[in-house]
1. Within region 405-429, track down each residue that is surrounded by fewer than 20 Cβ atoms within 10 Å (Cβ to Cβ) and in a strand (DSSP E or B).
2. Name every residue in region 91-134 that is polar (S, T, N, Q) and part of a loop (DSSP other than H, G, I, E, B), in order of residue number.
3. Has region 306-326 got any residue that is over 21 Å from GLN240 (Cα atoms), at pLDDT below 95 and not hydroxyl-bearing (Ser, Thr, Tyr)?
4. Give the residue, chosen from ALA90, ALA98, that is closer than 21 Å to LEU218 by Cβ and of a type outside the set (Ser, Thr, Tyr).
5. Which one is nearest to VAL107 (Cα to Cα), of the residues in region 190-242 that are assigned to a loop (DSSP other than H, G, I, E, B) and polar (S, T, N, Q)?
6. Could we say that GLY437 is over 25 Å from ALA246 (Cβ atoms) and in the same structural domain as GLU230 (by TED's automatic domain parsing) here?
7. Could you tell me which numbered condition GLU433 fails, if it satisfies all but one of (1) in a loop (DSSP other than H, G, I, E, B); (2) without any contact (Cβ under 8 Å) to a residue 40 or more places away in the chain?
8. Of the numbered conditions (1) closer than 25 Å to VAL235 by Cα; (2) touching a residue at least 24 places away in the same chain (Cβ under 8 Å), THR286 fails exactly one; give the number of that condition.
Amino acid sequence: MNQPFPRRLLVANRGEIARRIIRTARRLDVETVAIQHQVDAELPYVAEADFAREITGEQPVGAYLDIEQIVAVARDSGADAVHPGYGFLAENAGFARAVEAAGLIWVGPSPDAITAMGDKVEARNRVAAAGVPISGGAGAALSDVDEAVREAWQIGYPVMLKAAGGGGGIGMTIARDADAVRREFERTKAIAARSFGSDRVFLERFVESARHIEVQVLGLADGTVLALGERDCSVQRRNQKLVEEAPALGLAPAVRQRLSEAATNAARAVGYRNAGTVEFLVDARTQEFVFLEMNTRIQVEHPVTELTHGVDLVEQQLSIAATGSVTPGFAPRRHGHAIEFRLCAEDPVRFFPSPGPIEQWEEPSGDGIRVDSGYRAGLAITPHFDSLLAKICVFGETREAALARAREALDGFTAGPLRTNLPFLRELVDRPEFTAGGYDTGIVAAVTSAAPTRR
């Protein structure tokens, strides 16, 4: 019988997600190895791991992207598995191959699945062949601006130019006519090349009133793919998420079922194994949906699925990596409502990063409140990394109960004197655009334009 979990796990990440993984590993009696650049030496996750190893690099981010160094640390520390978390090398097929080549367990999907879903053009082709709806036609990336104009005419305006290797909202441009396509095509290619090492771009129809809905999946070694409900991630600034909730409000039961089936079909199309998320763009008016992308890792917003299904997704990741299957008796059942708010070190009006010292730090607690954080008082937010400070998660038997807990939790969080987006989050939970549900990806712009002097 296979060992149900790895014996010693290297966490190839930092901050909040490293703490999150370490917490589950400790409960399962799995030893953990933390890696840290010297700028992170005082972060809580380092002390909470069983072992800690310093990684070096002239630039702190570069240290967490150094595949050779991290694999060497994993081997030298006696780890038998590596969990990449999210960001950094989590969706790097080369890292996955290097981990496996070193004889270690990779806690994630196969390198081939990462590669297939990492290239947006290849991903669209693969899922379209499996019957998953996409926007526009399948095929190769655009060869030149004239082809882009022809395809835009076929799709119908407005369209969005997107980087084939993109992510995080980078390399996305809206074009409402042929002149805009011609004007933006080369610029988008340049952004794609600079950001992702590839200038390949493609087109999708732009949905004016869109909802960003995603489905959590778990792929098993025998080819089974389990779907654990959907999350609404439409509260975004600059195409990056701020608030997520589960389940998504206002979806017709048939649409909810089709989303689940499309997600499992997409995962099966690449032989997906371990935890992943399939993202869709849903027309808020018609509820028609198209495939957006697949994230081949644990998501930042995974707690809302955990809260509404009574599961630990990191535990299931470790089990699938070690045995090919979920833990015995795994039987998720959706109930209640959960919302996650991303607390970030950024100003609450323009949402620009705002690093600085943390002198006050107090987290809320109580029934239905969960905080996943990466910091504490006495530390500082550096400009080297993402601005995420903590995830404030709430659960209630109804959405109204979850909103009440959200107000309590947001009011009970203190972080200063650095500027955070907490004032925006507090305002959002009382805005009718949010409390009524059914909002689309334009909600942040609507709220901020109505309160431009928020501090």
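1. Of everything in region 405-429, those that are surrounded by fewer than 20 Cβ atoms within 10 Å (Cβ to Cβ) and in a strand (DSSP E or B) turn out to be THR414, GLY416, PRO417.
2. ASN92, SER110
3. No: zero hits.
4. Result: ALA90 is the single residue among ALA90, ALA98 that is closer than 21 Å to LEU218 by Cβ and of a type outside the set (Ser, Thr, Tyr).
5. By that ranking, first place goes to THR224.
6. In short, no.
7. (1)
8. Answer for THR286: the failing condition is (2).
The values are calculated or read from the model by the stated rules, or taken from the named source; none is laboratory data. This is a predicted model, so every value here is computed, not measured. Quick reminder, even Gly has a Cβ in these numbers, built from the backbone with ideal geometry, and neighbours come from all protein chains shown.
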